[in-house]
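Novice: One structure, pasted below without further comment.
The values are calculated or read from the model by the stated rules, or taken from the named source; none is laboratory data. Please read these numbers as outputs of a predicted model, since none were measured by experiment. With ideal geometry, Cβ positions are generated from the backbone for all residues, glycine too; neighbour counts draw on all protein chains shown. To get the accessible areas, we keep the full protein, side chains included, count just its heavy atoms, and leave off ligands, DNA and RNA. Shrake-Rupley method; radii C 1.70, N 1.55, O 1.52, S 1.80 Å.
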Amino acid sequence: MRGLEIGALAAPRVTKDQGRIFYVDHADTDSLRRKYQDDPDMKNRLHEIVEVDYIVEDNHGVHEAVARDAPFDYVIASHLIEHIPDPISWFANIALALRADGILSLVVPDKRYCFDINRRTTEISEWVDAYLRQLQRPSFKQVYDFISKEISGKVDTAAAWAGTADYSGVVRSDVADPDVAALNLCRDVQHSDGYVDVHCSVFTPDSFLELYEGLARLGLIDFEIAYFAPTEFNTLEFYVSLQRLESSLARESMIGRQLASVNRARLLVDPDVPPPDPLPHADPLPHAEITLGISPMEYKLIATKRWILAHGRAAIGRR
């Protein structure tokens, strides 16, 4: 398979010796090394930054950068979707770079266990607003919310899982007043062409599925969920693989497949709901077994296992 990885920097999920992978970024390798030479987390790893194969120009998307060699079989975007100002347009652009049935694989931070812990999850209205405005850069609202509420370096993921740390009311300590800092940065952005990189969106596994379902019902996404792995114990990220649907598929049929895929993914997310028996079969299409790539019995077993583990951990936590 031929794949793309976006923004791999020094930590590619797939390396060149593992497959036919090509790297996409907003700048070439030398420029990235200069950009991160003073970054405390990157300055000792500059030599590990991958050789960039395609560069995404300003105000353009991934498809435009790779068009001469498209379509690809898969695209990987690790800890990227939260940085995208307009995810709806981004999904559409990635679809253009993929073959039919191609996979977009996302690694997404879970706000409950990272520095977004005190921010609220993103709502569909915010994505629709960004889409209709065709945002190319983070909005003032996105910048202000991130700068005023993120608490980098303060969240202990294991403690957040164990419930032994309370981060409510915790604010960043590297500025005198987070709200003043946020407003000042917004004013700087207003009068400059500089790009401020922030987490434009905030997710939990369940909130991501709610956003996806909203996009599906609105006819604003041409992917179905092919794989979903909620945040594992003591980690801070979850995994979503979206499969591009055939553009010739009627919208009604497409929505049917999409809603079926999100229903199945939800069985793996909510530990407080016992797995249903029998498993609902919402997909009206003859190829329902494609969704997530596993059988109904396997769905049942996986959902049961997650439910048992979640309640077992909850019981231990109450001791």
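Novice: Of the residues that sit in the stretch 110-127 and are in a helix (DSSP H, G or I) and open to solvent by less than 40 Å² (accessible area, probe 1.4 Å), which one is nearest to ALA216 (Cα to Cα)?
Specialist: TRP127
Novice: With the condition kept exactly as written, say whether any residue in the stretch 63-84 is of a type in the set (D, E, K, R), touching a residue at least 60 places away in the same chain (Cβ under 8 Å) and not in a helix (DSSP H, G or I).
Specialist: yes
Novice: Just checking, does the stretch 116-134 include any residue being among the charged types (D, E, K, R), over 22 Å from PHE91 (Cα atoms) and in contact with a strand residue (DSSP E or B) (Cβ under 9 Å, 6 or more places away or on another chain)?
Specialist: Checked the stretch 116-134: at least one residue is among the charged types (D, E, K, R), over 22 Å from PHE91 (Cα atoms) and in contact with a strand residue (DSSP E or B) (Cβ under 9 Å, 6 or more places away or on another chain).
Novice: Among the residues of the stretch 200-218, is there at least one that is of a type outside the set (Val, Ile, Thr), exposed (fewer than 13 other Cβ atoms within 10 Å of the Cβ), part of a loop (DSSP other than H, G, I, E, B) and out of contact with any strand residue (DSSP E or B) (no Cβ under 8 Å at 6 or more places or on another chain)?
Specialist: no
Novice: Would you check which residues across the stretch 146-160 are open to solvent by 60 Å² or more (accessible area, probe 1.4 Å) and either touching a His at 6+ places or on another chain (Cβ under 6 Å) or outside any loop (DSSP other than H, G, I, E, B) (or both) and list them?
Specialist: The answer is LYS149, and nothing else.
Novice: Anything in the stretch 229-254 that is open to solvent by 50 Å² or more (accessible area, probe 1.4 Å), of a type outside the set (Lys, Arg) and in a helix (DSSP H, G or I)? List them, or say none.
Specialist: GLU252
Novice: GLU64: open to solvent by 20 Å² or more (accessible area, probe 1.4 Å) and at pLDDT below 95, yes or no?
Specialist: So GLU64 does not fit the description; no.
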